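Below is one structure; the comments refer to it alone.
The values are calculated or read from the model by the stated rules, or taken from the named source; none is laboratory data. Keep in mind that this is a model prediction, so the values were computed, not measured. With ideal geometry, Cβ positions are generated from the backbone for all residues, glycine too; neighbour counts draw on all protein chains shown.
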Amino acid sequence: MKKAGNLKSKPCDHSRNIRHMKKYFIPCCILMAFLIIYKVIPSVAQQEQSKGYILEHEKDIAVEEPGTHKGGGMTRGYTFFSKTKDLKLVFKKRVLHPGSAIGYHLQKDDEIYYILNGTGEMQMNGKSFTVTTGDAILTRPGSSHSLKAIGSDSLTVIINYGQH
């Protein structure tokens with residue numbers, strides 16, 4: 001007869017399997033999410049495209065990133081239809097959080113900025129002016145410009161230009 005003190009408790013195979021499953025559960029979920037994003041969503045977009053349209057939801061494409069063209073601060077960017085084959089148009093929405101900016105840069109092609117909401121300061125060829133909700137600005141090739149959110153609210157703009 002064995003004494004109780006000599007018994008060693010060993011985990012049963014069942015508990016070891018559960019620990020093993022827990023260890024790989026999150027990585028498997030992440031892998032499944034990537035497969036859905038890169039395989040299922042594009043196929044839905046292709047189905048829509050074959051029907052003559054593509055629908056994208058901004059919540060699915062939002063990216064938090066520093067102000068473009070070294071503008072500073074943080075912005076939220078939405079590049080719509082970026083994976084659409086043979087599209088000759090770039091259509092973006094950019095939310096400039098207070099104090100953030102699109103840095104001063106040389107314009108190579110026509111580009112349109114439309115102010116959805118908020119107030120900003122645009123610098124165009126060294127001159128500054130205020131832009132606000134409902135304003136549209138066409139920047140022509142050879143001009144240089146920047147745009148900064150001013151005030152306590154975010155500045156939301158639509159940006160549109162041709163893609164080569």
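Go through region 105-164 and give me each residue that's in contact (Cβ under 8 Å) with a residue 40 or more places away in the chain and hydroxyl-bearing (Ser, Thr, Tyr).
Matches in region 105-164: Tyr113, Tyr114, Ser144, Ser146, Ser152, Ser154, Thr156, Tyr161.
For region 131-158, enumerate the residues that are on the phi < 0 side of the Ramachandran plot and outside any strand (DSSP E or B).
Passing the criteria: Thr133, Asp135, Arg140, Pro141, Ser143, Ile150, Ser152, Asp153, Ser154.
Looking only at region 136-151, which residues are at pLDDT 95 or above and either surrounded by fewer than 16 Cβ atoms within 10 Å (Cβ to Cβ) or not assigned by TED's automatic domain parsing to the domain that holds Leu106 (or both)?
If the condition is that a residue be at pLDDT 95 or above and either surrounded by fewer than 16 Cβ atoms within 10 Å (Cβ to Cβ) or not assigned by TED's automatic domain parsing to the domain that holds Leu106 (or both), then Ala136, Leu138, Arg140, Pro141, Gly142, Ser143, Ser144 are the ones that fit.
Do any residues in region 49-74 that are within 16 Å of Arg94 (Cβ to Cβ) have Cβ atoms under 8 Å from those of residues that are loosely packed, with under 10 Cβ neighbours inside 10 Å and of a type in the set (A, V, I, L, M, F, W, C), where the two are at least six apart or on different chains, and which pairs are they?
Close Cβ pairs (under 8 Å, with a partner that is loosely packed, with under 10 Cβ neighbours inside 10 Å and of a type in the set (A, V, I, L, M, F, W, C)) do not exist here.
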